[in-house]
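Remarks on the structure that follows.
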Amino acid sequence: SLPMLQRARERVAAATSGTVLTLQADMRDVDFGEARFDVVVTAATLHHLRSDEEWRSLFKKIYRAVRPGGSFWIFDLVEQATAEVQALMWTRYGEYLSALKGGGEAGDAYREAVFAYVAKEDTPRSLLFQTALLEAVGFTGVEVLHKNGPFAAFGGRKA
């Protein structure tokens, strides 16, 4: 959203003397160019991609857009690699969502609304899928910065 991009621009600009560019568009359609960016950051966006081909295409596009020595960092919702762990993480996430609205009927309704939205609009992939994809398109030094339940922060560098 535009307000989130404006906030990000302000926060990053305060920490760098470099140029900060934010883009508001469908990432599948944007031409990012070649070797244009030192750092690319995506936050809570990739889980909206649908097919494996969309994932591969976007990761390739971002790899091309990153300068040598640059990096790509992802902060997003992830699916678990096994059904049992996915069920456990989803249960815990559901408990968290319910508690955000005070529990009870209001919390349960909120949890169900979020889960229905995710089921309709989102197709996250596992952390393992995405780190393997980073490496497959050419990123090296892939690092997992953090993983907590259904969310992860990770990325890699372009040599």
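The values are calculated or read from the model by the stated rules, or taken from the named source; none is laboratory data. No experiment lies behind these values; they were computed from the predicted model shown. As a convention, Cβ positions derive from the backbone with ideal geometry for all residues, glycine included, and neighbour counts pool all protein chains shown. Please note that ligands, DNA and RNA were not included when accessible areas were found on the heavy atoms of the full protein model with its side chains. Shrake-Rupley method; radii C 1.70, N 1.55, O 1.52, S 1.80 Å.
In a residue-by-residue description of region 16-24, the property of being open to solvent by less than 50 Å² (accessible area, probe 1.4 Å) and touching a residue at least 24 places away in the same chain (Cβ under 8 Å) applies to no position. Applying the set (1) within 22 Å of Pro150 (Cα to Cα); (2) modelled with pLDDT of 95 or more to Pro68 leaves exactly one unmet item: (1). Of the residues making up region 124-159, those that are among the charged types (D, E, K, R), over 25 Å from Leu88 (Cα atoms) and surrounded by 15 or more Cβ atoms within 10 Å (Cβ to Cβ) number 2. For region 44-63, which positions are surrounded by fewer than 16 Cβ atoms within 10 Å (Cβ to Cβ) and in a helix (DSSP H, G or I)? Across region 44-63, the qualifying residues are Asp52, Glu53, Glu54, Arg56, Ser57, Lys60. Taking the criterion of being β-branched (Val, Ile, Thr) and assigned to a loop (DSSP other than H, G, I, E, B), the residues of region 1-43 that qualify are Thr16, Thr19, Val20, Thr22, Val30.
Among the residues making up region 137-159, a single one is free of Cβ contacts under 8 Å to residues at least 24 places away in the same chain and out of contact with any strand residue (DSSP E or B) (no Cβ under 7 Å at 6 or more places or on another chain): Asn148. Taking the stated definitions as given, is Glu143 under 20 Å from the mean Cα position of the chain (by Cα), under 30 Å from Ala159 (Cα atoms) and part of a helix (DSSP H, G or I)? In short, no.
When Ala81, Ala119 are checked against the criterion of being in contact with a helix residue (DSSP H, G or I) (Cβ under 7 Å, 6 or more places away or on another chain), open to solvent by 30 Å² or more (accessible area, probe 1.4 Å) and either in a helix (DSSP H, G or I) or under 22 Å from Glu53 (Cβ atoms) (or both), a single residue qualifies: Ala81.
Counting the residues of region 121-136 that are under 18 Å from Phe151 (Cβ atoms) and touching a strand residue (DSSP E or B) at 6+ places or on another chain (Cβ under 7 Å) gives 8.
Report yes if Arg67 is farther than 21 Å from Ala153 by Cβ and open to solvent by 20 Å² or more (accessible area, probe 1.4 Å), otherwise no.
yes
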